[in-house]
Amino acid sequence: MGTIHIGSESMEEIDIAYKEAAGGFSSTRPVIEMTIPSVLDKTISPPGQHVINLFVQYTPYKLSEGSWQDPAVRKSFAERCFSLIDEYAPHFSSSVIGYDMLTPPDLEREFGLTGGNIFHGAMGLDSLFLMRPAKGWSDYRTPVKGLYLCGSGAHPGGGVMGAPGRNAAAVVLDDLKAR
């Protein structure tokens, strides 16, 4: 009942998706994390139906061809994602009665995520551990007294169940005890 990973059967497949996105192309076989929250919470969908969330990785902010503002581009990408799911769950596409799509520019506009990046920046080797978010700032403290970093941009980064917030809270408590 957790997360279902699709399009990530091999490192080669993930690498191709990454390289396509780095070139400004929406992945031909996107890496998808699919969750079905209505399995656990029956109140969010009508009986016999489900809500499905797709987190699609390696989706470029700016397309080399076309624009995320173009409804045809958006529809084409959504259909590509649904078709990939069809390979594992036949007829998935035909069961979809509606969807909402947030592209990286949508995430930036609606939630203030720079570049549409939910991790508040790339999580490459040059921005992990003592370098996250930048050299000298990995201890959650900022140059502004009493202001701490606790989001996905802080160590250990996004996708780790709130660890940056927990770690930052511990630093805040230590600082309060030191006063």
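The values are calculated or read from the model by the stated rules, or taken from the named source; none is laboratory data. Remember, predicted model here, so these are calculated numbers, not experimental data. A quick note on method: Cβ atoms are made from the backbone with ideal geometry, for glycine too, and the neighbour counts reach across all protein chains shown. Note: areas computed on protein heavy atoms with side chains; ligands, DNA, RNA excluded. Shrake-Rupley method; radii C 1.70, N 1.55, O 1.52, S 1.80 Å.
Things worth noting here:
- Taking the listed residues Glu65, Glu9, Glu108, the one that is surrounded by 15 or more Cβ atoms within 10 Å (Cβ to Cβ) and either closer than 29 Å to His120 by Cβ or basic (Lys, Arg) (or both) is Glu108, with no other qualifying.
- Of the residues making up the stretch 116-132, at least one is among the small types (Gly, Ala, Ser), touching a helix residue (DSSP H, G or I) at 6+ places or on another chain (Cβ under 9 Å), open to solvent by less than 30 Å² (accessible area, probe 1.4 Å) and not in a loop (DSSP other than H, G, I, E, B).
- Options Ile52, Ile6: the member that is among the aliphatic types (A, V, I, L, M), under 19 Å from Phe77 (Cβ atoms) and touching a residue at least 40 places away in the same chain (Cβ under 8 Å): Ile6
- Count - residues of the stretch 1-55 that are polar (S, T, N, Q), within 22 Å of Gly116 (Cα to Cα) and assigned to a loop (DSSP other than H, G, I, E, B): 5
- The one condition in (1) farther than 30 Å from Phe55 by Cβ; (2) assigned to a helix (DSSP H, G or I); (3) not basic (Lys, Arg) that Val144 fails to fulfil: (2)
- The condition (being surrounded by fewer than 16 Cβ atoms within 10 Å (Cβ to Cβ), farther than 28 Å from Gly124 by Cβ, in contact with a helix residue (DSSP H, G or I) (Cβ under 7 Å, 6 or more places away or on another chain) and not charged (D, E, K, R)) is satisfied by just one residue among His91, His50: His50.
- Selection status of Thr28, in contact with an Asp or Glu (Cβ under 7 Å, 6 or more places away or on another chain) and among the β-branched types (Val, Ile, Thr): yes
- Among residues of the stretch 133-154, those that are under 21 Å from the mean Cα position of the chain (by Cα), open to solvent by 50 Å² or more (accessible area, probe 1.4 Å) and modelled with pLDDT under 90, counted: 1
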